[in-house]
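Values quoted throughout were computed directly from the atomic coordinates according to the rules given, and no laboratory measurement underlies them. Treat the numbers as computed from the prediction; the structure is a model and nothing was measured. Using ideal geometry, Cβ is built from the backbone for each residue, glycine included, and neighbour counts are taken over all protein chains shown.
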Amino acid sequence: MPKYVVIGDGVAGLSALKALRAIDSEGDAAIVSAEGLVPYSKVLLIPYIANKISEEKLNMVARDFYASNHVEVLLGARAAALDASAQRVFLSDGGELRFQKLLIASGGDPTLPSQWKEVPGILGLRTLADARCIRAGAHAGKRIVISGGGLVAVKLAAALTEVGIHAELIVSSTQILSQAADYEGALMVQRRLEEAGATITPNASIAAVDVGPAGVRGVSLKNGKEIPCQLLVYCKGVTPNTQFMGSLVPAGAPIAVDSRMRSAFPDIYAAGDVAMASEVSRQQMTCAALWPHATVQGRIAGRNMAGQAAIYRGSLVRNAMEICGLPFISMGIINEQSGPDWDVKITRLSGSYCKLVYRGEALVGAVLIKDAVTIAGRLQAEIRKAAAAHASSN
Amino acid sequence: MGHVLGDSSDNTVMSLPTSLISLTKRDLGFDVGVCRHCEEPLCLDACVAGSVTQDSKTRWVMFDAKRCVGCWSCVMDCPFGAIQMAAAKSSVASMPGKAVICDGCPNWDTPLCAQFCPQGVLQGSKVKGGLVKRQRRERAVYLASGVRRGLNYPPVPRLEADRRA
């Protein structure tokens with residue numbers, strides 16, 4: 001019986017393995033890898049699609065990582081069911097794993113309408129297989145429509161535009177980046193994208209998809225407009241992979257964890273995109289799916305699984321990207337709410353934009369564009385400091 | 001230090017290294033944005049491309065421009081403002097779009113900033129990295145944070161303050 005079982009070979013799972021191996025070099029460990037590939041960085045898929053990096057640069061660890069760390073790998077298997085009280089995981093290939101400590105780091109899958117799941121040319125962007133398909137299609141001159149205006153959609157559109165491939169964004173809200181930027185900031189990003197050649201249609205949604213024998217041929221919008229395309233990339237968020245937990249968590253919901261990454265079930269931990277931890281700016285449980293959170297959460301989980309008492313200091317929702325030469329960073333709460341408590345300070349200086357959001361005296365969020373991005377790290381420290389002060393005064 | 005990060009590798013007399021230190025003006029004096037080589041570096045956790053590493057012996061933080069994809073995550077997370085993104089037209093033009101930090105002038109006996117700093121704020125010392133312990137990093141940033149309603153960009157602590165902390 002392996003002492004440690006990790007479900008998922010993304011950054012959270014690997015980070016946990018590294019952390020627990022630094023403490024316990026002996027205990028048997030096993031990892032369940034759904035894709036059965038050398039672990040790769042999902043964040044690098046977009047530069048890979050734009051041909052900025054080669055496929056082997058995607059790998060996060062050396063090929064012999066598992067062997068040199070004495071980790072058993074179950075390739076091509078997914079977790080199919082979990083018996084928390086008997087401490088067993090059942091796998092999609094019929095196998096079964098007993099564990100003493102379990103880490104669920106199974107990430108998420110793109111939210112794709114079920115009627116589109118099998119249509120060639122309609123896909124999300126989450127796996128290497130998705131990225132290979134988009135990359136091949138994009139460079140073969142296929143027309144690409146991206147449904148969604150979030151971070152993945154905007155980053156993909158920017159990366160394609162930078163290498164001269166036309167991207168068309170269909171955004172259902174009034175602005176792009178509705179979760180990550182205020183209206184003015186989002187408009188700056190949108191203008192930059194449009195200047196570089198991308199097409200962005202806000203307030204629009206896809207009414208129907210035209211599917212031919214070879215796959216998708218085009219989409220028609222609710223306003224009647226028809227757009228031909230051979231690739232439809234659906235970027236409308238991610239659903240946590242918790243289906244195998246059955247009734248232990250509500251369908252499609254993430255797993256709530258405490259400050260030591262423990263779930264509500266004994267000896268079961270969660271980290272990364274599948275976990276919901278406390279967030280400092282909102283002061284509530286949030287699924288802050290972001291690379292640095294996954295790294296740190298995985299490490300904290302690994303240490304606790306190996307018997308150390310490591311404490312997670314809380315997530316802080318944030319994002320960084322460069323859109324066709326325009327740096328953009330946002331963090332925390334980006335739109336002030338109504339009420340006397342809320343205040344904003346906006347500075348515009350030679351094309352750069354700095355918006356600071358305050359609740360009372362406390363800084364709770366920021367949107368930074370162009371030169372202003374250099375202060376991001378210091379603002380983060382300020383937000384965390386204000387949140388700590390708030391927590392200790394309560 | 002096998003990794004050459006800034007132009008400081010070019011130590012011919014005619015060509016001085018390019019500065020990888022940033023200065024932020026405060027009410028009294030300046031803050032020096034220079035890498036503190038944290039014990040558990042936030043930039044290392046943030047890096048999506050495996051470009052940031054920490055030397056297992058010296059604990060120095062190193063940036064490998066060959067792997068960097070210019071995603072800004074490290075710039076976003078460094079509480080000292082010590083990481084810069086080299087612009088195409090900047091003096092660090094050899095690696096446009098890549099994140100760079102002070103590399104400690106590996107080919108010089110004393111870092112050039114230390115040689116020329118008249119106040120002794122910047123000093124070269126051949127100590128191990130991990131200079132800023134986790135708790136101290138948080139506290140130093142807390143003490144120094146000075147965002148007010150004015151337009152001040154928040155300052156970072158000075159190096160002397162670091163030593164006292």
Which of A:K236/A:K345; A:K345/A:K370; A:K57/B:K66 exceed 20 Å between C-alpha atoms? The answer is A:K236/A:K345
What base-10 log of the normalised intensity I(q)/I(0) is obtained for segment A:68-164 from the Debye formula, alpha carbons as equal point scatterers, at q = 0.15 Å⁻¹?
-> -0.81
How high is the relative contact order of chain A, given as a whole-number percent (alpha carbon pairs under 8 Å, six or more residues apart)?
-> 16
Assertion target for A:L231, B:L20, ordered by fewest C-beta neighbours within 10 angstrom first, is A:L231, B:L20
Give me A:M261, B:M76 ranked fewest to most by other Cβ atoms within 10 Å of their Cβ, as a rough exposure proxy.
-> B:M76, A:M261
Between A:S172 and B:T58, what is the FRET efficiency for a Förster distance of 56 Å, r being their Cβ-Cβ separation, to the nearest 0.05?
-> 0.65
Using alpha carbons only, what's the Rg to Rh ratio of segment A:337-394 with Rh from Kirkwood?
-> 1.03
Inter-site label distance for A:I23 and B:L23 at 7 Å from Cα along Cβ, in nm | 4.6
So which trypsin sites (Lys or Arg not before Pro) in segment A:103-193 pass both tests, a DSSP loop state and at most 14 other Cβ atoms within 10 Å of the Cβ?
-> A:K117
On each of the three principal axes the extent of the alpha-carbon atoms of segment A:209-318, given in whole Å and largest first, is 57, 31, 20
Förster-model FRET efficiency, 41 Å R0, A:A214 and A:S92, C-beta, rounded to 0.05 = 0.85
How big is the Rg/Rh ratio for segment A:290-355, C-alpha atoms only, Rh by Kirkwood, two decimals?
-> 1.15
Separation between the A:D371 and A:L75 pseudo-spin-labels, each 7 Å from Cα along Cα→Cβ, expressed in nm?
-> 5.3
Among A:L156, A:L82, A:L177: highest mean-square fluctuation, GNM of chain A, C-alpha pairs under 10 Å = A:L82
Chain A, Gaussian network, Cα under 10 Å: of A:A159, A:A214, A:A12, the residue fluctuating most is A:A214
In segment A:127-232, what percentage of the DSSP-assigned beta bridges are antiparallel, given to the nearest 5?
-> 50
Chain A: antiparallel DSSP beta bridges as a percent of all, rounded to 5 | 60
Taking the alpha-carbon centroid of each part, what is the distance from segment A:160-202 to segment A:271-317 in angstrom?
-> 30
What is the mean number of Cβ atoms from other protein chains located within 10 Å of the Cβ atom of each residue in peptide A:326-332, rounded to a whole number?
-> 2
Debye equation applied to the C-alpha atoms of segment A:160-230, log10 I(q)/I(0) at 0.12 Å⁻¹ | -0.38
Ranked by Cβ crowding within 10 angstrom, fewest neighbours first, how are A:Y183, A:Y269 ordered?
-> A:Y183, A:Y269
For segment B:94-118 and segment A:50-73, what is the separation of their Cα centres, given in Å?
-> 32
Could you check the simple spin-label distance between A:V344 and A:R132, using points 7 Å along Cα→Cβ, in nm with one decimal?
-> 4.5
At q = 0.06, 0.07, 0.10, 0.11 Å⁻¹, what base-10 log of I(q)/I(0) does the Debye formula yield for the protein assembly as shown when every alpha carbon is treated as an equal point scatterer in vacuo?
-> -0.30, -0.42, -0.88, -1.07
Peptide A:168-178: average number of partner chain Cβ atoms within 10 Å per residue?
-> 0
